[in-house]
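Notes follow once the structure below has been shown.
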Amino acid sequence: MRRWLGTIALKGNELPQGPIARAHGWAEYPCMCAGRGGEDPRGEPMPSGLPLVIVVEDDADMSRAVESVLNAAGFDAAMFPSAEALLEAEVPADTACLVLDVHLPGMTGFELYDRLTATHPPCPVIFMTAYDEPAAGARSVEARAVAYLIKPFAGKRLIECVRRVIRAGTRN
């Protein structure tokens with residue numbers, strides 16, 4: 001079952017919802033996680049049993065693409081537009097994997113990972129970036145990342161990395 005975590009308010013017109021939201025440039029989107037039980041905001045039961053992959057990506061097009069690839073491969077993807085949005089939500093202990101963009105507005109993906117590991121057991125992480133910087137690659141190695149993906153990357157590559165985490169069945 002999925003559990004309703006709340007809504008995420010997004011600024012911009014990439015995914016407008018309703019005339020009032022469009023007029024103000026804001027839209028709210030649900031954030032749900034699998035395997036924890038519960039109902040969606042309308043009281044409808046949610047499907048269960050899929051491994052949960054949490055993705056933090058600020059680019060709406062990239063976020064939709066990653067979500068689509070993960071869902072097609074049989075994973076449940078909880079999408080967040082910023083590090084701060086994820087920190088406001090409760091991170092489920094049974095999260096299979098984190099996929100974090102390195103360059104986010106505000107807190108970076110590395111800073112987010114450091115913050116999460118300070119309060120939660122380490123979770124396997126995949127970092128992705130559009131900027132192949134040696135320092136970022138080195139930082140991903142320090143974080144014991146499963147992968148450091150340079151955008152654009154093949155969806156197949158992401159799925160291979162996530163499946164490797166699921167097969168290993170262990171945290172970092």
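The values are calculated or read from the model by the stated rules, or taken from the named source; none is laboratory data. This structure is a prediction, so every number in the text was calculated from the model and none was measured. Counting neighbours? That spans all protein chains shown, and the Cβs are built from the backbone with ideal geometry, glycine included.
Things to note:
For every residue, the table says whether it meets (1) under 15 Å from HIS103 (Cβ atoms); (2) among the aromatic types (Phe, Trp, Tyr); (3) outside any loop (DSSP other than H, G, I, E, B).
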{"residue": "THR117", "(1), (2), (3)": "no, no, yes"}
{"residue": "PHE127", "(1), (2), (3)": "yes, yes, yes"}
{"residue": "ALA135", "(1), (2), (3)": "yes, no, yes"}
{"residue": "GLU160", "(1), (2), (3)": "no, no, yes"}
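- Pairs where the first residue, in segment 125-148, is more than 19 Å from ALA83 (Cβ to Cβ) and the second is among the hydroxyl-bearing types (Ser, Thr, Tyr), C-beta under 7 Å, 6+ apart: GLY137/TYR148
- The strands (runs of 3 or more DSSP E) found wholly in segment 1-101 and carrying at least 1 residues that are aromatic (Phe, Trp, Tyr), under 26 Å from ARG139 (Cα atoms) and at pLDDT 90 or above occupy 76-80.
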